[in-house]
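K.L.:
One structure, pasted below without further comment.
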Amino acid sequence: MNQEKLMHYQVDPWNYYMMRVRRRRMEEEDEMERVMRIVSESAVVIFSSSSCCMCHAMKSLFCGMGVNTMVHELDQDSKGKQMEKTLMRLLATNSTTLPVVFIGGKLVGSMDTLLAFHVNGSLVPLLKQAGALWL
Amino acid sequence: MASQRIGELDFSEPYGIHHRINNPSSSLINDQGSGFDFGELEEAIGLQGVKIRNDETKASFFTGKPAATLEMFPSWPMRFHQSSIGGTNNKSGGESSDSALSSKNENPFEPESPLSKKASSFCSSDQLQHLQLQQDMTNNNDVIKTASSPKSAHEKRKGGGSTSDNKPLDAKTLRRLAQNREAARKSRLRKKAYVQQLESSRLKLTQLEQDLQRARSQGMFMDWSGGVGSNISSGAMFDMEYARWLEEDNRLLTELRNGLEAALSDNEMRVMVEGYLCHYDEVFRVKGVTAKADVFHVINGGWTSQAERCFLWIGGFRPSEIIMMLIQQLEAVAEQQIMGMYGLRHSSQQAEEALSQGLDQLQQSVVDTIAGAPLVDGVQQMVVAVGKLANLEGFLRQADNLRQQTLHQLCRLLTVRQAARSFLVIGEYYARLRALSSLWASRSRDQTIITSDENSCQTTTDMQMLQPSHNHFSSF
């Protein structure tokens, strides 16, 4: 297979480049699918890091509201780095983004968007709709 | 001129012409002295300019000149030089600086008197020097160079005079003259470069001074990448910026109050309320920017009064407290609005709780890192602790974000007039808190010295300050 690749590169550089691009795109799509699969499993999914304090704040917020959340500690996951990169791509930002929360399988965002939704009064209906909150 | 025979002197034509043409220029030179005006000389020299380029003519001319004639017109060769200098001056236009001109003014006159002394030594060797000088001038456009060329010409003449050799093409003399020329040219170029450098750095200096003055007077607080105020700490800059924000705040609140009393239309009030919200957005933005440079100053509230600092929550007010105060103070609020405000208070309480817990965990983590460091070499731990402290900025940002969102939501819940009144209530509350701080400070100062009677008198002015604002407060 490597021999093939080498020959491709020597013979047809453009095709080789396109092959690499396609493969990276497939990997990215795989990652995205994996993330989507994870977030659809629970009503509220938080991607966090065990040492991050803002992640702890977010977890406390949901606890205080009486919401059960599924937490993925990315620093303890083998594919954590790749998932973090995927999340960064989703949020269209270059800086470290944790924590990131998904409600009802849909992306909500980082801590500031979550707080804005909460102050707005739109967080509770969203949680109820996702089935994370019963009142 | 070509027809002139050696040994003969034809006074009529060549001398006459030169003499006539020389007169205006000579009169110019004599009259104006240091204020040498080359512009006027131009016309006079224009005619001579034609003659300058005619080397051969001059050569033959000088060969035939006996000493007696020279004594009659001792300065004539110098005039000739000056005119030729003026000619090349015209060529090289506006390059000359004032210094060059003034130096040029001295030079033309200087060689004049020694030249008259040397008149007797003026021989065919001068012809050679003239040739070389003319070649120099046609080759070189440098004005400063031509200013010194009379000097060098004078030197050449001296040199020429010292050699009793009549042969014009003496190799040693040639070499010496060439070296002299080169040295003179180099020094002139160096001087020009130095002067230009001085000028440019002078301009830069004045510009820098202007910038500094402008920055100091305005207390500018732009992005830190510019490096303005490198001597002023970011904390001090923020204090100045906050003081200005407070003045603006007072102005806007007075406007709101006047607007309410004058019963302006809803649209106009809405504009003012939006403006006030932007005013608050501005202070949050500035706090965010300062926090990147000095997070402790903002979070510890170094920019607030003492009483404010006591009740501070992550570098600012606690939104739930403000909402509670508004619920109690505002009148004429509908049931639905009160419910909404209670809901808002509840949400902000939950958010505050979450952020406080996050901050507590950060503190715990930092303390553990530092306390757990080995005595001898804890550098690694310190680095980790510093990294953890960087999260403080994030917490401050979230806290300010929460405050901002709370204020915006408040404006959405209430009518325009109610929103204006609530801003006035908040502003009033903080003004009283600041007055409380100053009261407290003066009370503890006076307590040790003065009796209780005088104590109350001392504090009257502060009380009076509170009175009118109290009236406004109760009217809401």
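K.L.:
Condition (residue is aliphatic (A, V, I, L, M) and on the phi > 0 side of the Ramachandran plot) applied to region B:244-263: is it met by at least one residue?
P.N.:
Initially, region B:244-263 is screened for residues aliphatic (A, V, I, L, M), giving B:246, B:252-253, B:256, B:260, B:262-263.
Within this subset, residues satisfying the condition of being on the phi > 0 side of the Ramachandran plot are B:263.
Within region B:244-263 (the criterion being aliphatic (A, V, I, L, M) and on the phi > 0 side of the Ramachandran plot), the answer is yes, since at least one residue qualifies.
K.L.:
Among the candidates B:L410, B:L436, B:L424, single out the residue that is modelled with pLDDT of 75 or more, open to solvent by 80 Å² or more (accessible area, probe 1.4 Å), under 22 Å from B:E248 (Cα atoms) and touching a helix residue (DSSP H, G or I) at 6+ places or on another chain (Cβ under 7 Å).
P.N.:
B:L436
K.L.:
Tell me which residues, restricted to region B:167-187, are outside any helix (DSSP H, G or I), open to solvent by 100 Å² or more (accessible area, probe 1.4 Å) and not basic (K, R). Please lay out each step first, then the result.
P.N.:
First, pick out the residues of region B:167-187 that are outside any helix (DSSP H, G or I): B:167-170.
From what's left, open to solvent by 100 Å² or more (accessible area, probe 1.4 Å): B:167, B:169.
Across region B:167-187, the qualifying residue is only B:L169.
K.L.:
Something else about it: Of the residues in region A:102-116, how many are within 14 Å of another protein chain (Cβ to nearest Cβ) and either surrounded by fewer than 15 Cβ atoms within 10 Å (Cβ to Cβ) or within 19 Å of the chain's Cα centre (by Cα) (or both)?
P.N.:
Let us first name the residues in region A:102-116 that are within 14 Å of another protein chain (Cβ to nearest Cβ), namely A:109-116.
Still in the list and also either surrounded by fewer than 15 Cβ atoms within 10 Å (Cβ to Cβ) or within 19 Å of the chain's Cα centre (by Cα) (or both): A:109-115.
Matching residues across region A:102-116 total 7.
K.L.:
Let me ask something additional. Which one of these is among the acidic types (D, E) and touching a Gly at 6+ places or on another chain (Cβ under 9 Å): B:D294, B:D281?
P.N.:
Numbers: B:D281 fails: touching a Gly at 6+ places or on another chain (Cβ under 9 Å).
Answer to the check: B:D294.
K.L.:
Additional query: Exactly one of (1) touching a residue at least 40 places away in the same chain (Cβ under 8 Å); (2) within 30 Å of A:W134 (Cβ to Cβ) is unmet by A:L74. Its number?
P.N.:
(1)
K.L.:
Let me ask something else about it. Can we say A:V39 is open to solvent by less than 80 Å² (accessible area, probe 1.4 Å) and either within 14 Å of chain B (Cβ to nearest Cβ) or at pLDDT 90 or above (or both)? Give the steps one after another, and end with the answer.
P.N.:
Numbers: open to solvent by less than 80 Å² (accessible area, probe 1.4 Å): yes; either within 14 Å of chain B (Cβ to nearest Cβ) or at pLDDT 90 or above (or both): no.
In short, no.
K.L.:
Ok, one more. Just to be sure before I move on: is A:L133 more than 21 Å from B:G343 (Cα to Cα), within 14 Å of another protein chain (Cβ to nearest Cβ), crowded, with 17+ Cβ neighbours inside 10 Å and at pLDDT below 90 in the structure I sent?
P.N.:
So A:L133 fails the test.
K.L.:
Additional query: Across region B:347-393, what is the total count of residues that are under 13 Å from A:L115 (Cβ atoms) and open to solvent by less than 20 Å² (accessible area, probe 1.4 Å)? Steps first, please.
P.N.:
In the first step, residues of region B:347-393 are kept if they are under 13 Å from A:L115 (Cβ atoms); the result is B:347-355, B:358.
After this cut, where a residue has to be open to solvent by less than 20 Å² (accessible area, probe 1.4 Å) as well, the list is B:347-348, B:351-352, B:354-355, B:358.
Total satisfying the criteria: 7.
K.L.:
Then there is this: Is it true that B:Q336 is within 14 Å of chain A (Cβ to nearest Cβ), in a helix (DSSP H, G or I) and either touching a residue at least 60 places away in the same chain (Cβ under 8 Å) or under 17 Å from B:L396 (Cα atoms) (or both)?
P.N.:
Details: within 14 Å of chain A (Cβ to nearest Cβ): yes; in a helix (DSSP H, G or I): yes; either touching a residue at least 60 places away in the same chain (Cβ under 8 Å) or under 17 Å from B:L396 (Cα atoms) (or both): no.
No, not satisfied.
K.L.:
Would you check if there is a residue in region A:76-99 being modelled with pLDDT of 90 or more and more than 12 Å from every other protein chain (Cβ to nearest Cβ)?
P.N.:
no
K.L.:
Condition test on A:C63, is it open to solvent by 80 Å² or more (accessible area, probe 1.4 Å), within 14 Å of another protein chain (Cβ to nearest Cβ) and modelled with pLDDT of 85 or more?
P.N.:
Working: open to solvent by 80 Å² or more (accessible area, probe 1.4 Å): yes; within 14 Å of another protein chain (Cβ to nearest Cβ): yes; modelled with pLDDT of 85 or more: yes.
Criteria met by A:C63.
K.L.:
Let me ask something else about it. Give B:Q306, B:Q336 a once-over and let me know the one that is open to solvent by 90 Å² or more (accessible area, probe 1.4 Å) and touching a helix residue (DSSP H, G or I) at 6+ places or on another chain (Cβ under 7 Å).
P.N.:
Values: B:Q336 fails: touching a helix residue (DSSP H, G or I) at 6+ places or on another chain (Cβ under 7 Å).
Selected residue: B:Q306, the only one of B:Q306, B:Q336 that is open to solvent by 90 Å² or more (accessible area, probe 1.4 Å) and touching a helix residue (DSSP H, G or I) at 6+ places or on another chain (Cβ under 7 Å).
K.L.:
Does region B:295-313 contain at least one residue that is closer than 21 Å to B:G235 by Cβ, aromatic (F, W, Y) and part of a helix (DSSP H, G or I)?
P.N.:
Within region B:295-313, one or more residues are closer than 21 Å to B:G235 by Cβ, aromatic (F, W, Y) and part of a helix (DSSP H, G or I).
K.L.:
For region B:363-400, give me each residue that is in contact (Cβ under 8 Å) with a residue 12 or more places away in the chain and within 9 Å of chain A (Cβ to nearest Cβ).
P.N.:
Of everything in region B:363-400, those that are in contact (Cβ under 8 Å) with a residue 12 or more places away in the chain and within 9 Å of chain A (Cβ to nearest Cβ) turn out to be B:S365, B:K388, B:N391, B:F395, B:R397, B:Q398.
K.L.:
Going by what's in this entry, would B:T290 be described as under 41 Å from the mean Cα position of the chain (by Cα) and in contact (Cβ under 8 Å) with a residue 24 or more places away in the chain? Talk me through it step by step, then tell me what you get.
P.N.:
Numbers: under 41 Å from the mean Cα position of the chain (by Cα): yes; in contact (Cβ under 8 Å) with a residue 24 or more places away in the chain: yes.
Yes.
The values are calculated or read from the model by the stated rules, or taken from the named source; none is laboratory data. Every value quoted in this text rests on a predicted model; they were computed, and no experiment measured them. Neighbour counts run over all protein chains shown; Cβ positions are idealised from the backbone, glycine included. The protein model used for the area step is the full one, side chains on, heavy atoms only, and it has no ligands, DNA or RNA in it. Shrake-Rupley method; radii C 1.70, N 1.55, O 1.52, S 1.80 Å.
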